[in-house]
Amino acid sequence: MRESPIHEGTAILPVRSELKDFEKAFDSDIDDPGDFAEIEGSISPVNPVDIATPKMNDKPMAKMKRVDIGPVTVGAGHELALIAGPCVMEPEGMTEFLAREIGAVCTGLGVPLIFKASFDKANRTSKSSFRGPGIDEGIEIFRQIKAETGLPVTTDVHEPSQAGRIAEVVDLLQVPAFLARQTDLLEACASTGRPVNVKKGQFMAPWDMAHVISKIESAGGRGVLLTERGTTFGYGRLINDMRAIPWMRALGAPVVFDATHSVQLPSAGAGITAGERDMIPYLSRAAVAAGCDALFLEVHPDPDKALSDGPNALRLTDLEPLLKQLLAIRKAMTETDAI
């Protein structure tokens, strides 16, 4: 079998002539094609899409629950919000610098901002990768940022024991995609009284997030955001189905689109995750057109030197022009009652 010119050197696919040879060989083994009739007649035709996907036109959408995160409200009828910051807290004042710079851009454009940074990246590919300062120092950095900028802040939580401590300072708890189904973690975050942003697992269908919402609300959670961040497609690749945005909004929760993690190439580097940074604007524009309520972007002044997820981080200088494009799309959507 020859190599396919589509992905030369990486994928082996049959070409048209070989498919014809295969079909001919297969047909020659069939004594009587009618032998299949009895089998086919015993099988009820089932369309898996009818089972799996929600029928948005057959029933009303759940009422959108708007979520308050400090002074920022996310949900239908409110401005497009931004969750942005570095992937991980970096030393030498980098985290505080980014809070000021991103805050200044958003203030100038009138974009509500929730500043994001991780105190610990517990799911790094390699043991040797930088993880962050830890929860104690992370809490102090968040206190300083809030005191200086007045911004609401968010961070990811990996263990139930972290939820209560970090909720003392952050305004929004984030559950990583790998942990989106962990009931104990979801309930611990909900019990803090802080709103919770859950990233849809790369292995989950959008409508499966209804169970996530149920777990949080049954534990007393007062607000849930759902984040689309791509779906696993083979090895080292994510793809985005923009239908996930309206499907998850139909569950009644505001939806965030994570444009930077969506362009990851998981574990495709040498012990690190690679990425396609140049795809961030394309996916961001598509997501806003699909009706997302907020955008998630990891931002760095020099992504190639970032201590985590640099290949899929947006360059700081590219933030303002991208936001201007997204605001124009959002304006067109709201003026035509598309969302």
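For segment 269-281, does any single residue satisfy the condition of being part of a loop (DSSP other than H, G, I, E, B), out of contact with any helix residue (DSSP H, G or I) (no Cβ under 6 Å at 6 or more places or on another chain) and without any contact (Cβ under 8 Å) to a residue 40 or more places away in the chain?
yes
Conditions: (1) touching a Phe, Trp or Tyr at 6+ places or on another chain (Cβ under 9 Å); (2) at pLDDT 95 or above. R330 meets all but one. Number of the miss?
Only one criterion is unmet by R330, namely (1).
Tell me whether segment 303-314 contains one or more residues that are among the hydrophobic types (A, V, I, L, M, F, W, C) and within 21 Å of F203 (Cβ to Cβ).
There is no residue in segment 303-314 that is among the hydrophobic types (A, V, I, L, M, F, W, C) and within 21 Å of F203 (Cβ to Cβ).
Here are some residues: R243, R315, R285, R330. Which one is in the same structural domain as D156 (by TED's automatic domain parsing), touching a residue at least 60 places away in the same chain (Cβ under 8 Å) and of a type in the set (K, R)?
R330
Within segment 188-211, is even one residue small (G, A, S) and in contact with a Ser or Thr (Cβ under 7 Å, 6 or more places away or on another chain)?
no
Among the residues of segment 242-256, which ones are hydrophobic (A, V, I, L, M, F, W, C) and in contact with a Lys or Arg (Cβ under 8 Å, 6 or more places away or on another chain)?
A244, M248, A253, V255
If you scan segment 252-264, which residues turn out to be closer than 14 Å to V198 by Cβ, surrounded by 24 or more Cβ atoms within 10 Å (Cβ to Cβ) and touching a residue at least 40 places away in the same chain (Cβ under 8 Å)?
A253, P254, V256, D258, H261
Consider T231 against the criteria (1) within 11 Å of the chain's Cα centre (by Cα); (2) closer than 17 Å to L314 by Cα: it satisfies all of them except one. Which criterion is unmet?
Among (1) within 11 Å of the chain's Cα centre (by Cα); (2) closer than 17 Å to L314 by Cα, T231 violates only (2).
Every residue in segment 185-211 that is part of a loop (DSSP other than H, G, I, E, B), of a type in the set (D, E, K, R) and either outside the structural domain of L226 (by TED's automatic domain parsing) or over 24 Å from N240 (Cβ atoms) (or both), please.
Listed by number, the list holds a single entry, R194.
Out of the strands (runs of 3 or more DSSP E) lying entirely within segment 73-170, which hold 3 or more residues that are within 19 Å of N312 (Cα to Cα)?
Ranges flagged: 81-85.
Can you tell me how many residues in segment 315-339 are touching a Lys or Arg at 6+ places or on another chain (Cβ under 9 Å) and more than 21 Å from A84 (Cα to Cα)?
Count: 1.
Give segment 239-268 a look and list any residue that's among the acidic types (D, E) and either assigned to a loop (DSSP other than H, G, I, E, B) or touching a helix residue (DSSP H, G or I) at 6+ places or on another chain (Cβ under 7 Å) (or both), or say none.
The answer is D241, and nothing else.
Looking for whichever is of a type outside the set (V, I, T), modelled with pLDDT of 95 or more, farther than 22 Å from F257 by Cα and crowded, with 16+ Cβ neighbours inside 10 Å here; the options are A147, A190, A163, A117. Which one fits?
Result: A163 is the single residue among A147, A190, A163, A117 that is of a type outside the set (V, I, T), modelled with pLDDT of 95 or more, farther than 22 Å from F257 by Cα and crowded, with 16+ Cβ neighbours inside 10 Å.
Go through (1) modelled with pLDDT of 95 or more; (2) buried (at least 19 other Cβ atoms within 10 Å of the Cβ); (3) touching a Ser or Thr at 6+ places or on another chain (Cβ under 8 Å) and name the single condition R249 misses.
Evaluating R249 over (1) modelled with pLDDT of 95 or more; (2) buried (at least 19 other Cβ atoms within 10 Å of the Cβ); (3) touching a Ser or Thr at 6+ places or on another chain (Cβ under 8 Å) leaves (3) as the failure.
The values are calculated or read from the model by the stated rules, or taken from the named source; none is laboratory data. Since the model is a prediction, treat every value here as computed from it, not as a measurement. Reconstructed Cβ throughout: ideal geometry from the backbone, glycine too, with neighbour counts over all protein chains shown.
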